[in-house]
1. Do we have D137 as under 30 Å from the mean Cα position of the chain (by Cα) and not polar (S, T, N, Q) here?
2. Mind telling me which of the residues S34, S99 ends up being of a type in the set (G, A, S), modelled with pLDDT under 95 and either loosely packed, with under 12 Cβ neighbours inside 10 Å or part of a helix (DSSP H, G or I) (or both)?
3. Is there a residue in the range 63-82 that is of a type in the set (D, E, K, R), assigned to a loop (DSSP other than H, G, I, E, B), touching a strand residue (DSSP E or B) at 6+ places or on another chain (Cβ under 7 Å) and farther than 19 Å from I146 by Cα?
4. One residue is enough: does the range 130-138 have a residue meeting the conditions surrounded by 11 or more Cβ atoms within 10 Å (Cβ to Cβ) and in a helix (DSSP H, G or I)?
5. Looking at this structure, is A104 surrounded by 14 or more Cβ atoms within 10 Å (Cβ to Cβ) and closer than 19 Å to Q51 by Cβ?
6. Out of curiosity, is A88 farther than 30 Å from S116 by Cα and either modelled with pLDDT of 95 or more or not hydroxyl-bearing (S, T, Y) (or both)?
Amino acid sequence: MNKILLVPLIFIAFLILQGCSAYESDTDNVAHLSTAKPTPTPTPTPIPTIQSLEERANGLTSQGACEAEGGQWQEVGKLQREACILPAKDAGQPCTDGSQCEVACIAVQRRIEAGSKATGQCQQSTQRFGCRTYIKDGVAEPTLCID
């Protein structure tokens with residue numbers, strides 16, 4: 001065979017062998033990866049949610065559960081629907097905004113003009129029926145009546 005043809009032929013054979021050996025190496029890695037155990041994904045720690053006193057009261061749907069939480073089972077509103085009424089721990093405390101109370105900040109004065117500066121007291125319980133003037137940011141809101 002001619003030496004001129006032999007050199008390119010050897011080079012081509014070399015490239016073919018290199019390609020085969022790389023292919024074997026890749027399949028070895030794939031086989032190795034497929035037998036590897038997956039890393040478990042850590043379970044995120046749940047963020048505790050803060051449930052308002054009213055949400056807690058609304059979630060108590062039986063007299064026994066209500067009374068076990070220190071509440072009173074009552075018929076409330078115009079429809080006299082049975083509901084759990086929970087007492088507020090901060091009842092009667094002075095306030096200027098509902099964010100300072102478990103339930104709401106309500107005006108103590110019976111007749112107070114909406115928009116005037118005011119202080120109030122934290123509401124006694126989760127019972128929201130009746131007419132009340134709520135205090136927000138130290139200002140009386142219009143009186144709200146809930147039947």
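1. Numbers: under 30 Å from the mean Cα position of the chain (by Cα): yes; not polar (S, T, N, Q): yes.
Considered against the rule, which asks whether it is under 30 Å from the mean Cα position of the chain (by Cα) and not polar (S, T, N, Q), D137 comes out as yes.
2. Working: S99 fails: modelled with pLDDT under 95.
Within the list S34, S99, the selection yields S34.
3. Taking the range 63-82 first, the residues of a type in the set (D, E, K, R) are 67, 69, 75, 78, 81-82.
With assigned to a loop (DSSP other than H, G, I, E, B) added as a condition, the list becomes 69, 78.
After this cut, where a residue has to be touching a strand residue (DSSP E or B) at 6+ places or on another chain (Cβ under 7 Å) as well, the list is none.
No.
4. Checking the range 130-138: not a single residue is surrounded by 11 or more Cβ atoms within 10 Å (Cβ to Cβ) and in a helix (DSSP H, G or I).
5. Details: surrounded by 14 or more Cβ atoms within 10 Å (Cβ to Cβ): yes; closer than 19 Å to Q51 by Cβ: yes.
In short, yes.
6. Numbers: farther than 30 Å from S116 by Cα: no; either modelled with pLDDT of 95 or more or not hydroxyl-bearing (S, T, Y) (or both): yes.
The answer is no for A88.
The values are calculated or read from the model by the stated rules, or taken from the named source; none is laboratory data. These numbers were taken from a predicted model, which means no experiment stands behind them. We place every Cβ from the backbone using ideal geometry, glycine too, and count neighbours over all the protein chains shown.
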